[in-house]
Every structure is written in C-alpha cells, then in structure tokens.
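Note sheet for the following structure.
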Amino acid sequence: MPSRLITRIAPDVGWLPVSFTNVYFLGRPGGKWIVVDAGFPGGAREDLAAAESRFGSGARPEAIVLTHGHIDHSGNGAALADEWDAPIYAHRLEVPFLNGKSAYPPADPTVGGATAFLSRFLPRLRRDLGARLRELQSDNVPGAPDWKWLPTPGHSPGHICLFRESDRILLTGDAVLTVNMDSWSALLSRKRELARPPTPFTIDWGAARASLKELAKLRPNVICAGHGIPISDSDLPERLENFAQNFRGPRRGRYVFQPARTSEEGIVDLPPAPFDPVPFATAAALFCAGLALGAGYLDEKKRR
Ligand SMILES: [Zn+2]
Ligand SMILES: [Zn+2]
C-alpha cells in the first residue's frame, strides 16, 4: 500500500491526517524540522513513511512537540522518539499524565454527542513516554525558532497552541477544532467548521472559553487543528472572533459547572461522576433481546 503523503499548508508546514487525528511537520526538507503531535497509537509506521518521503530517508526531527498528552495526540510519541532518537516536549502541567504519575481525569460520556458515546470504550490508563520526555520552557518552540507556543488550558491542564506571527498560522491542537466531533454526520463527511474541543475529554469549560478568546486575539489566517481539515478562508479571523464570543460549553456534564483540578502531581480533585444511564440501558436492551430470543427458542421447541 503506498504511504500517505504530507499535504503542504505552507512551504514549511506539512499536514498528515492519521486516523482522525492530525500530525503536523514544521520545517523544510534539507533543514531542521519538528513534529507536532504524534497521533493515535498504531500510526507510527505511517508517520515515519510520510516523514521519510518529505524529508528524505534517515532524516530526523529536532523534536516532537505535543499540544497535549491525550492518547490520540501522543500515542506514537514514544515509538517515534525511539526511532528518531528525539526528545518529546510537553507543557509542565501535562507531564504528570505522560510520565506514569497519573491517569488523566476520566472522560465524561454524559455530555452527549458522537465522541462522548465513543469515549465509553476508551480504556483509562496511566501512560509513560519514558526518559525522552521534556518540559517546554519559556515560549520558544524547540527546533522551530520562528514559532511561539502559548498556554491554552481548558481541554487539558497543560494544553498549548503554536503560532507563527509572520504568516499567522495557528496550530490549535484540541483548543478549537475544524470538525464538529459531537456530530456523527460531520465526523463522516469531515465538513469544515470551527468547533469546540472534544467534549467528553474537556475538564474545564471556563478555561477553554478564556483560551479561545486569547486565540481569537491572534487573528490567524490559517487554523490547523488536531482534528478536521485545516481552514484558511479570508474571513477566518472574524469567524474565530464570533465563535469565541458566542462560545458555550455543553448544557450538562461532569466538568461543565465545576472543573477537574490538577497539578504537577496529577489529579487534585474531581467533580462527582454523574449517573450515566447508557450502560444500563444497553444492558437492559441486551437482557430484553436475550429474553425474546430465549422465548422464541422455547416456542420452537414446543412446536417440535
Ligand atoms: Zn484532547
Ligand atoms: Zn484530540
């Protein structure tokens, strides 16, 4: 199977979607380059093949920089770092969830929507990216001197975005998306629209709103999000401004009225888990289906 190719967003910004999550490559072939986010586990081979076809065989990045540590963004981090012998950078408040100290606050499946439904099937594990993990310092992006990172907490405690002033390209991770992950049809059609962070994994909606307002102030020309096709329409700064002004979290959910609190040590405290009726409804439906099948079987037996 031919490997997927990196799409050029700018001469030195490449985009590679790997199973619903985007990986970005900053830098030109022949020069220094870095990787932003590492994709869902299992995609390392695809990332490596694409990087090789863009930067040449044996080329290695200066660093892997994570917008945050959720598994769909960091999943191949350790495998790629080993292969490239490269450091992995994340914000200090994201580190306890990447060095085995703590699992992330649990997902909230009760917020509703497509991703919330799917979140019930994701195991909640502590993850350790190993000795190559480093903390980001100041606002410099290691290996990409014309880029800056800015803290954008809310979706996760140490979430960051990357911005380049000269052409106003903004890499938003999960702080703002370009596909509505609450909608099954949008997920399948990949319709491009500004959309809120993945709802079941967002642990502080007030902070997410404040971060979005900071992003709108940057007036980006291009938004390259963690999920969805990048957007570069001419009215993007105004659209982002409107989106930030009118931004609302979900109507209900575990972290909607009270955030999860975390520190450099991991979870400090969590709002109580709301009642989730779906597993019970599913169990009840299976039970009823079982009864119906059992009754049918007995009927069959009687008739014989
Ligand atoms: Zn995330
Ligand atoms: Zn994500």
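The values are calculated or read from the model by the stated rules, or taken from the named source; none is laboratory data. From a predicted model like this one, the values you see are computed outputs, not experimental measurements. Glycine also receives a Cβ, built like all others from the backbone with ideal geometry; neighbour counts cover every protein chain displayed.
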Residues satisfying the stated conditions in the range 41-58, i.e. touching a helix residue (DSSP H, G or I) at 6+ places or on another chain (Cβ under 7 Å) and closer than 24 Å to P145 by Cα:
D47, L48
Can you tell me which residue among L236, L215 is more than 29 Å from P106 (Cα to Cα), at pLDDT 95 or above and of a type in the set (A, V, I, L, M)?
L236
Tell me, yes or no, whether the range 273-288 has at least one residue that is loosely packed, with under 10 Cβ neighbours inside 10 Å, within 24 Å of the chain's Cα centre (by Cα) and either modelled with pLDDT of 65 or more or part of a loop (DSSP other than H, G, I, E, B) (or both).
no
Failed item, numbered, when F163 is tested on (1) assigned to a helix (DSSP H, G or I); (2) modelled with pLDDT of 95 or more; (3) more than 16 Å from ligand 2 (Cβ to nearest atom)
(1)
Give I6, I71 a once-over and let me know the one that is in contact with a strand residue (DSSP E or B) (Cβ under 8 Å, 6 or more places away or on another chain) and either under 20 Å from H227 (Cα atoms) or buried (at least 16 other Cβ atoms within 10 Å of the Cβ) (or both).
I6
Any strands (runs of 3 or more DSSP E) falling wholly within the range 59-146 and containing at least 2 residues that are out of contact with any Asp or Glu (no Cβ under 7 Å at 6 or more places or on another chain) and β-branched (V, I, T)
63-65
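Each row is one residue, and each column tells you yes or no for (1) crowded, with 18+ Cβ neighbours inside 10 Å; (2) within 16 Å of ligand 1 (Cβ to nearest atom); (3) closer than 18 Å to L170 by Cβ.
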residue	(1), (2), (3)
Y24	yes, yes, yes
W33	yes, no, no
E52	no, no, no
N76	yes, yes, no
D82	no, no, no
R92	no, no, no
Test of understanding: among A44, A90, A78, which residue is more than 15 Å from ligand 2 (Cβ to nearest atom) and at pLDDT 95 or above?
A78
Please work out which residue is farthest from G130 (Cα to Cα), limiting yourself to the range 96-108 and to residues that are surrounded by 24 or more Cβ atoms within 10 Å (Cβ to Cβ) and touching a strand residue (DSSP E or B) at 6+ places or on another chain (Cβ under 9 Å).
P105
From the residues in the range 121-132 that are surrounded by 14 or more Cβ atoms within 10 Å (Cβ to Cβ) and charged (D, E, K, R), which one is modelled with the highest pLDDT?
R132
Matching entry among R127, R192 (being among the charged types (D, E, K, R) and in contact with a Ser or Thr (Cβ under 6 Å, 6 or more places away or on another chain)):
R192
Scan the range 166-189 for residues that are touching a Pro at 6+ places or on another chain (Cβ under 9 Å) and assigned to a loop (DSSP other than H, G, I, E, B) and jot them down.
R168, D174, A175, V176, T178, M181, D182
